[in-house]
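Asks: Mind having a look at this structure? Questions to follow.
The values are calculated or read from the model by the stated rules, or taken from the named source; none is laboratory data. This is a predicted model, so every value here is computed, not measured. Cβ coordinates were reconstructed from backbone atoms using ideal geometry, including for glycine residues, and neighbour counts include every protein chain displayed.
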Amino acid sequence: MRHPLLKYIRENELPFIFCPGCGSGIILRCTLEAMLESNHNLDEFVLLSGSGCNGWIAPPFNVDVFHTNHGRPIAYATGVKIGRPDLKVIVFTGDGDSAAIGGNHLIHAARRNIDMLVICINNSNYGMTGGQLSPTTPFKAYTMTSPYGNPEPPFDLCKLVEACGASFVARWTTAHPVQLKKSIAKGLSKKGFAFIDVISQCPTQFGRRLGYKSASEMVRWFKKASKTYNGPEGLQSFNGDQIPVGEFIDRELPEFTEVLRSIAEEARQSGGAN
Amino acid sequence: MKGKVEFIQGNIACAKGALVAGCRFFAGYPITPSTEIAEFMSRELPKVGGYYVQMEDEIGSMASLIGASYTGLKVMTATSGPGFTLMQENLGNAVMEEAPCVIVNVQRGGPAIGQATKSSQSDIMQSRWGSHGDYEIIALAPYSGQEMFDLTIRAFNLAEKYRVPVIVLSDEILGHAREKVIIRDQEEIEIINRKKPLLPPGEYKTFQPDEDMIPPMASLGEGYRILVEPQTHDETGRRAAHIPEAHDKLIRRLCAKINNNVEDIAEIDARFMEDAEAAIVSYGSAARSSLGAVKQARNQGIKLGYIRLKTIWPFHEAYIRNLARNLKALFVVENNLGQMYLEVQRACRDLVDDIISITKIGGEMHSIDEILRPVNEVIS
């Protein structure tokens, strides 16, 4: 029997590139189901991804897909959204992709409040290159490039994009697929910059150096450590012991491409700038 | 030439050319001496239904350019020195993803911050080799306000035709000099648009080339379910980085679609060559001093010719060799330490005994005397 969702996947992209136990498959499925349950035709979607493990979530989708280089998917998506504001733009990114090399694009896209849904697969390390330190690796955690423990404090990406001006901010873990799917649906219908920080397990490169023996053990840890908040009180510092999850920010702010278009309309009517 | 005569800066002529060519998206980051182009576009694009976005840096500018190009828009950015360096990353992506786009580099002195307000031609080799990997690219070199207008239009046409980034290699002198420019009437101007798919969705493949080696280009949101992939990919766009033959086939095609069309792409302005015994090779603002030098030499009875490269890359080797065949000497005049000299020497050293580099850096043009002194030494 064929899996009922296979018809939405480019079969020449199979098998998926992910390691056994990787959280990316859960995020891929939650996104696909949210897309199918939305009232949008699949031809209306453009999926972008950066480089790193996150980069391989978008290509299997049988919709318009734009794989980009490391750190840049949000900047590519900015051009796409300005060119075709009627399209639904989803960006998959990672913690290194969005918060290190692409940090500048993340904060400025959030500040512009450009309409797109950014899903950050936050696995606290550079999985594809073999498990090095990332901007969300917990303080003192061991990685391949922090053999004496991480000397840096991690980024809280939800607080970051909230401060920049995003319209919608949520965090879930891969232990919350039902809630994640609902937030993806909400992010898709939100007019403005929507950001979901998805804490995901990397059992191959990160979990085993923290002492987790399996992917399921990591997911059980996510479940145990998570505490749900609905509202901005969820925007609090977190560490490995406690993960605030929920929909923290949901607000109405001017959306960038709409503002651009109203400016163009005014310029055409008045015949020029002051 | 029919059109409206204006007295404007080269940078403004360039921006006006872009609008005539159909540019409807500009992403940029302010940098001297290119900023007038961004300012003009921010004012004029909204009036014609286009969009200006000031990005957070030049990396983001190039990235959003590629994204917007794939929505079907004609796109441009303008920059200089350090900004051009930051663009190299996504410029390579534009090559690999075959995204038509135009990059105007109003050159200033480098390396590093160098001379922000002084002219230079020192990005010749960076334009060719600035991003990593094997690739071919197109770079045009205007030498007047009129060519800032005309070659910007040509840059859009070539970008659309060959699905490749095209660099307009201007410089501070050309960007800021005010000259007479004829803003040619729209109906006088040939406009080339990218090929669209003839195959229906389902049969169309994102990177399947026609016989001319150029794939028709579907836009996002047209129902073609395209897969744009900056890794080595097959014709469907699927990653094929692990397959040596796939990489070989793709990269050779991306290079061949330019190299096999040098005749169509590359333009050379050759004058005084019929009886020439030696010639100057130059381009951009340096070609203006060179033209003065050639005319003065002719007045003195020296049979000096003038070869001006309107297209820097691809280098029209066959044409240059043909011009050089009976010459005793070639003088390469440029505002850098001899970048194009290397290319001319490589192409012509078996034909011409003396190939001399006449360089000047610091921001000022060569005086006629600075060119003719070494010319006279060799010829007499």
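Asks: What is the residue count in the range A:196-241 for residues that are assigned to a strand (DSSP E or B) and within 25 Å of residue A:132 (Cβ to Cβ)?
Replies: 5
Asks: Kindly check whether there is at least one residue in the range B:277-291 that is outside the structural domain of residue B:150 (by TED's automatic domain parsing), among the basic types (Lys, Arg) and under 19 Å from the mean Cα position of the chain (by Cα).
Replies: Yes, the range B:277-291 contains at least one residue that is outside the structural domain of residue B:150 (by TED's automatic domain parsing), among the basic types (Lys, Arg) and under 19 Å from the mean Cα position of the chain (by Cα).
Asks: Another question, then. So for the range B:267-274 (the condition being more than 30 Å from residue B:192 (Cβ to Cβ), at pLDDT 95 or above and crowded, with 21+ Cβ neighbours inside 10 Å), does at least one residue qualify?
Replies: Checking the range B:267-274: not a single residue is more than 30 Å from residue B:192 (Cβ to Cβ), at pLDDT 95 or above and crowded, with 21+ Cβ neighbours inside 10 Å.
Asks: Let me ask something else. Hey, among the residues in the range A:100-126 that are surrounded by fewer than 24 Cβ atoms within 10 Å (Cβ to Cβ) and of a type in the set (A, V, I, L, M, F, W, C), which one's farthest from the other protein chains (Cβ to nearest Cβ)?
Replies: The extreme case among them is A:100.
Asks: Go over the candidates A:253, A:210 one by one and state the one that is in contact (Cβ under 8 Å) with a residue 60 or more places away in the chain, farther than 29 Å from residue A:145 by Cβ, surrounded by fewer than 20 Cβ atoms within 10 Å (Cβ to Cβ) and among the aliphatic types (A, V, I, L, M).
Replies: The match here is A:253.
Asks: A further question on this structure: Going through B:243, B:251 one at a time, which residue ends up being at negative phi, in contact (Cβ under 8 Å) with a residue 60 or more places away in the chain and surrounded by fewer than 20 Cβ atoms within 10 Å (Cβ to Cβ)?
Replies: Residue meeting the stated conditions: B:251.
Asks: Which residue, of A:217, A:247, is surrounded by fewer than 22 Cβ atoms within 10 Å (Cβ to Cβ) and over 22 Å from the mean Cα position of the chain (by Cα)?
Replies: After ruling out the rest, the residue left standing is A:217.
Asks: Something else about it: One residue is enough: does the range B:144-157 have a residue meeting the conditions aliphatic (A, V, I, L, M), touching a Ser or Thr at 6+ places or on another chain (Cβ under 9 Å) and surrounded by fewer than 24 Cβ atoms within 10 Å (Cβ to Cβ)?
Replies: Looking for residues that are aliphatic (A, V, I, L, M), touching a Ser or Thr at 6+ places or on another chain (Cβ under 9 Å) and surrounded by fewer than 24 Cβ atoms within 10 Å (Cβ to Cβ), one finds none in the range B:144-157, hence no.
Asks: How many residues are on the phi > 0 side of the Ramachandran plot and of a type in the set (Lys, Arg) when one looks only at the range A:91-140?
Replies: 1
Asks: Quick one: how many residues across the range B:29-72 are touching a Ser or Thr at 6+ places or on another chain (Cβ under 9 Å), aromatic (Phe, Trp, Tyr) and under 23 Å from residue B:174 (Cα atoms)?
Replies: 1
Asks: Do you know which residues across the range B:13-36 are basic (Lys, Arg) and under 17 Å from residue B:99 (Cα atoms)?
Replies: B:24, the sole residue that qualifies.
Asks: Residues in the range B:59-69: is at least one surrounded by 23 or more Cβ atoms within 10 Å (Cβ to Cβ), free of Cβ contacts under 8 Å to residues at least 12 places away in the same chain and in contact with a Lys or Arg (Cβ under 9 Å, 6 or more places away or on another chain)?
Replies: yes
Asks: Something else now. Return the pair list, or none, for Cβ contacts closer than 6 Å from residues in the range B:316-336 that are in contact (Cβ under 8 Å) with a residue 60 or more places away in the chain and crowded, with 23+ Cβ neighbours inside 10 Å to residues that are part of a loop (DSSP other than H, G, I, E, B) and among the polar types (S, T, N, Q), at least 6 apart or on different chains.
Replies: B:334/B:121; B:335/B:120; B:335/B:121
Asks: Sticking with this one: Restricting attention to the range B:51-67, which residues are at the interface with another protein chain (Cβ under 7 Å from one of its Cβ atoms) and over 19 Å from residue A:97 (Cβ atoms)?
Replies: Answer for the range B:51-67, where residues must be at the interface with another protein chain (Cβ under 7 Å from one of its Cβ atoms) and over 19 Å from residue A:97 (Cβ atoms): B:51, B:53, B:65.
Asks: Search the range B:327-380 for residues being assigned to a loop (DSSP other than H, G, I, E, B) and among the small types (Gly, Ala, Ser), and hand back the single one that is farthest from residue B:311 (Cα to Cα).
Replies: Looking at residues that are assigned to a loop (DSSP other than H, G, I, E, B) and among the small types (Gly, Ala, Ser), I get B:380.
Asks: Residue A:73 versus (1) without any contact (Cβ under 8 Å) to a residue 40 or more places away in the chain; (2) at the interface with chain B (Cβ under 8 Å from one of its Cβ atoms): which is the lone unmet condition?
Replies: Single failed check for residue A:73: (2).
Asks: If you check A:33, A:44, which single one turns out to be surrounded by fewer than 22 Cβ atoms within 10 Å (Cβ to Cβ) and touching a strand residue (DSSP E or B) at 6+ places or on another chain (Cβ under 6 Å)?
Replies: A:44
Asks: For the range A:220-274, which positions are within 14 Å of another protein chain (Cβ to nearest Cβ) and basic (Lys, Arg)?
Replies: Once the filter is applied, which keeps residues that are within 14 Å of another protein chain (Cβ to nearest Cβ) and basic (Lys, Arg), the range A:220-274 yields A:261, A:268.
Asks: Mind checking which residues of the range A:47-79 are touching a strand residue (DSSP E or B) at 6+ places or on another chain (Cβ under 7 Å) and of a type in the set (D, E, K, R)?
Replies: Of everything in the range A:47-79, just one residue is touching a strand residue (DSSP E or B) at 6+ places or on another chain (Cβ under 7 Å) and of a type in the set (D, E, K, R), namely A:64.
Asks: So which strands (runs of 3 or more DSSP E) are wholly in the range A:12-129 and hold at least 1 residues that are within 22 Å of residue A:251 (Cα to Cα) and not charged (D, E, K, R)?
Replies: It comes to A:88-94, A:116-122.
Asks: Of all the residues that make up the range B:218-238, how many are at the interface with another protein chain (Cβ under 7 Å from one of its Cβ atoms), farther than 14 Å from residue B:69 by Cβ, in contact (Cβ under 8 Å) with a residue 24 or more places away in the chain and not polar (S, T, N, Q)?
Replies: Final tally of qualifying residues: 2.
Asks: Give just the number: which of (1) surrounded by 24 or more Cβ atoms within 10 Å (Cβ to Cβ); (2) small (Gly, Ala, Ser); (3) away from chain A (no Cβ under 14 Å) does residue B:94 not satisfy?
Replies: (3)
Asks: Here's another thing I want to ask about it. Could you run through the range A:13-44 and say how many residues are over 16 Å from residue A:204 (Cβ atoms), touching a helix residue (DSSP H, G or I) at 6+ places or on another chain (Cβ under 9 Å) and within 9 Å of chain B (Cβ to nearest Cβ)?
Replies: Going through the range A:13-44 one residue at a time, the tally reaches 2.
Asks: Just to be sure I understand, how many residues within the range B:1-39 are within 14 Å of another protein chain (Cβ to nearest Cβ) and in a loop (DSSP other than H, G, I, E, B)?
Replies: Summing the residues that are within 14 Å of another protein chain (Cβ to nearest Cβ) and in a loop (DSSP other than H, G, I, E, B) in the range B:1-39 gives 2.
Asks: What residue, of B:307, B:379, B:355, B:371, is surrounded by fewer than 18 Cβ atoms within 10 Å (Cβ to Cβ) and among the β-branched types (Val, Ile, Thr)?
Replies: B:379
Asks: I've got another one for you. Would you be able to say whether some residue in the range B:155-162 is within 14 Å of chain A (Cβ to nearest Cβ) and farther than 22 Å from residue B:38 by Cα?
Replies: no
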